Each structure stands twice: as C-alpha cells, then as structure tokens.
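Comments concern the structure below.
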Amino acid sequence: MTEHHRDSPDPVHPTPITGAPARPRLGSRARAGAGVRSAGHSTAGAGLAAVAAARRATHSGGAGRTGLSRLIEVHALHNAGDAVVAVALAGSLFFTLPTGEARGQVALFLLLTLLPFSVLAPLVGPFLDRYRHGRRWAIGTTMGLRAVLCVLLALSLDEASWWQFPAALLILIASKAYNVTRSAATPRLLPEEMSLTSANGRMSMAGVVGAAVAVPVAALLSTVGPQWALGLGVLVFLFGGLLAVRLPARVDSTRGEEEVPISEFTDMHQRRRIPREVVIALRANAGLRMLSGFLTIYMAFLLREQPPAGWESSYTVLIGLVAAAAGFGSALGTFLGARTRSVPPMTMVKVALIVDVLFALVTALSFGMVTLLLLSVVVGTCQQLGKFALDATIQEKVHERRRTSVFGRSETLIQVSWVVGGGLGVLLPIDATVGMGVVAGLLTVWLVVVLNGARGGAAVSDAGRAPRT
C-alpha cells in the first residue's frame, strides 16, 4: 500500500519528495499561529461538547419529544437575561449616585416597581388565561419587551432620564409575567414518564446554570461600559423570544382543563375544591418567598449604609458575594430536592420555613459577614425546597383537569409574596437588628399560622384524582 501511494501522482508535488523533510519547519510566528488555531479548535470542540451535553440533559426523559426541552432552554435564557440586566443596572443606574441621593432614587424605583405590580400581579394569570391560545406569543412577548427596553436603556445611560426607572420597572413586571405564564405552560408539555416536580427541578437547574454563565460575562462587559452588558441582554432576550414562539402548539391547548379562580386560594370562607395540603404548602411558600424578596431589596440598602465590619469600602464585592451565596443556595436546593423524594412534601415545606425563621432570628441577633452569607445560602436553598414541595403536592393532590390552572395561580400568589417582602425592605429602617428582627417576628407569626392550618381539620378530598409519578 505504501508503494502504491508513492507511485501515485500527487496533485501538489508531481514527483516524490526527497531530501528535504516532507513537512517544512515553521518559523516562530507560524508556530504561534498554528498554536492559536489549535487552541481555537480545542475550545470550539469543548464548547460543542458542552452544548451537546446540555441538549442531552434537557432532552432526556421524553422532554425532547413533548417540547419541554425547549421551554427549559427558554427558562435558562430568561434567567440569564435577568442576571445580565441586574449586573448592568446595578453598576450604572442606581449605585453610582452619592449615598444620600442613591437611597432616595432606589426607594423611588422600588416603589414604582413594587406598588404597581402588587396590583397587577393578581390580574396577570386571569388575563393570560383569557387569551391562553396565544400563550407561546405571551411568553415570547415578555422576552421581546425586555429586549426593547434594554436597547432604550443602553442608549440613554450616559445621561439621566426620567423614564429610565419606569423602563426598569417594566423589565421586572415582564419578568414576573413570564414566570406566571411559564408555570401554566409547563404541565402542558409534561412527558408521561416525568413528574411535575422533576420537570420543575430540571428547569430550576437550567435557570441557575444560565445565570451562572451570564453573570461573569456581563460583569466583564460592564468594565467596558454597562451599554455592552445591556447589549448582551438584548441578544439573550431575542433568542429566548424566538425559541418561545416555536414552542409546540400543545402549549396553547386547553382541552380537558378546568379553570380554578384565584379566590379559592385567598377567600377563607368559601368551600374549596383545592386540597388543604396545597393551600398549606402555598402558605409556607409565601413566607419563604416573602423573606427572599425582603432580603433582595433590603440588602441593597443595608450593605451600603451599614456593611459588616471590615467591608466598609467593598460594596460591589459584598453585593457580589451575597448574590453568589444566594445562587449557590438555589443550586443546592435544586440538588437536594431531586434527591430527597422520600421526604413527604408537607414535611419538607414546613422544615424549610422553620429553618428560614431560625436563620433570620440568628442574623437579627448577630449580624455579620458569616451570618449574612449563611442566611443567603439558607434562603436560596429553602426557597427551592419549598417550591419542590409545592409542585409535588400539586402533582399528587390536584386532579389533572385543574392542575395547570392551580399551578399558574399558585405562581401568581408566590410572586405577590415576593412583592410584599420587597415592600417591607423599603419601609423598614436601615438597621440590621431592627429590620431582620421585624421580619423574623413576622415570619414566626406566619409559621404558627401555617402549622396550625396543617393540624386543623382533615384534608379535603379530591375525588377522581389520578396523580402521575
């Protein structure tokens, strides 16, 4: 075979190469170029391998067949885009102002954000249900709207404009509306072999990964200018919107579903078709999400005005550490939730609320860097575990006809709880002992309400339910 190739004509060298080496020596510049190309090919190969691994993870368990995998990818882009916007605005729109002025401007922004949403949030679910045949376009619209607002903010950050705060407000409202819509869409794409808890766990992990990948890239771009980070947000939201409108048509289908009014969760005097376990799990999640919203808003003030000892001149680093701790807690909660299926959901959600209350009390009594980071990890972990427990309870106790509506309504009320907690973060004085003490006291009272409700009376039966495990 060797002689055959030697005798065969070569299109480049008509005669056999003799004497000089067949591969000539490269100069130093050529070797460097070859090294760069080799590194580029290796990096591209690693990137393609990572993408392939991610696609295998999102498509497994029948998710690729039903289209759930695409919704998981949309959720990862949603979290990534929100993280990019947070990084861009935190370094430009709010926290570059002098301390006294910044506090007033941030308070104004938060009031503009929280108060309208507290009114709009209960209407988001029913509004989307009214036009549910365009649910794919509703999800895509929340993405597209945020992309447009990112463009407008990027073009105006060099000089302050009165409409920048309302634009940031609309980004947050669109994000909350997305969460409600996505929650109602998830059961429609659920494979027969996958539980609702597993699907939401996979989605939560994808969101954590999306944010974890986006934050360092956004931070690097922000060193050049916040406009560059917002430009990345535009690309992320546009891509997410394109994926959203290409979701399967079954997202819009309502065949066989029964709508559950939100009053069944909130009216304490009417007879519910919602099982008591679902109501208790939702109440516990309301407390967990309230603490999360409070810390998100309150720490933006507290760490600027009264940082832990030794961190007085490291506000940006401090915020980054707290956010990283919360993100680690979310990832840990997702990991634990997927591996504690033997724990009854009602036990899990009550334990999560108890642990949150205890750590809030500890932080109020001994505020410092260690307790602050521990609290951030615990709150992120318990929030995820509580959501896992709520999803599992809905999966087990609610009939399939009402499951989609109940899931969407519960997400709406959870978002409102976050808003209430954020409002407390605006109203309470900037003092760690007072602020954390008041919230810990309120959570303690709420814990008593949850535990009493769990003990009081027999669970309402849900005749004919057919849980999918």
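No lab work stands behind these numbers, since they all come straight from the coordinates. Bear in mind the structure is a predicted one, so any value in this text is a computation, not a measurement. Counting neighbours? That spans all protein chains shown, and the Cβs are built from the backbone with ideal geometry, glycine included.
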message: Just to be sure I understand the model, the point goes 7 Å from the Cα along the line to the Cβ. What's the resulting GLU312 to ARG339 distance in nm?
response: 4.3 nm
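How long is the gain from VAL209 to LEU374 if the chain were fully straight, where each residue apart is worth 0.36 nm and the alpha carbon distance is subtracted?
Going from the current span to full extension adds 57.3 nm.
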field: Karplus 3J(HN,Hα) series, Hz, for the stretch 360-375 with 6.51 cos²θ - 1.76 cosθ + 1.60 (x for Gly, Pro)
entry: 5, 5, 4, 5, 5, 7, 9, 6, x, 5, 5, 5, 5, 5, 4, 4
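Can you order the peptides 218-229, 350-361, 414-425 by their average number of other Cβ atoms within 10 Å per residue, highest first? Spell out each step's value before the answer.
Numbers: 218-229: 18.3, 350-361: 20.7, 414-425: 22.6.
In decreasing order of mean packing, 218-229, 350-361, 414-425 become 414-425, 350-361, 218-229.
Ranking request for peptides 183-192, 321-330, 200-209: highest mean number of other beta-carbon atoms within 10 Å first, then the rest in descending order. Please list the in-between numbers first.
Working: 183-192: 21.6, 321-330: 19.9, 200-209: 23.1.
The most tightly packed comes first, giving 200-209, 183-192, 321-330.
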- request: Excluding residues fewer than 8 places away in the same chain, name every one of the lysines whose C-alpha is closer than 20 Å to that of LYS176.
  value: LYS387
task: Taking every Cα atom in the stretch 261-469, find the radius of gyration and the maximum pairwise distance Dmax, and write them in Å.
output: 17.9, 61
- request: Provide the FRET efficiency to the nearest 0.05 for the VAL434-VAL224 pair, computing r from the beta carbons and using R0 = 51 Å.
  value: 0.80
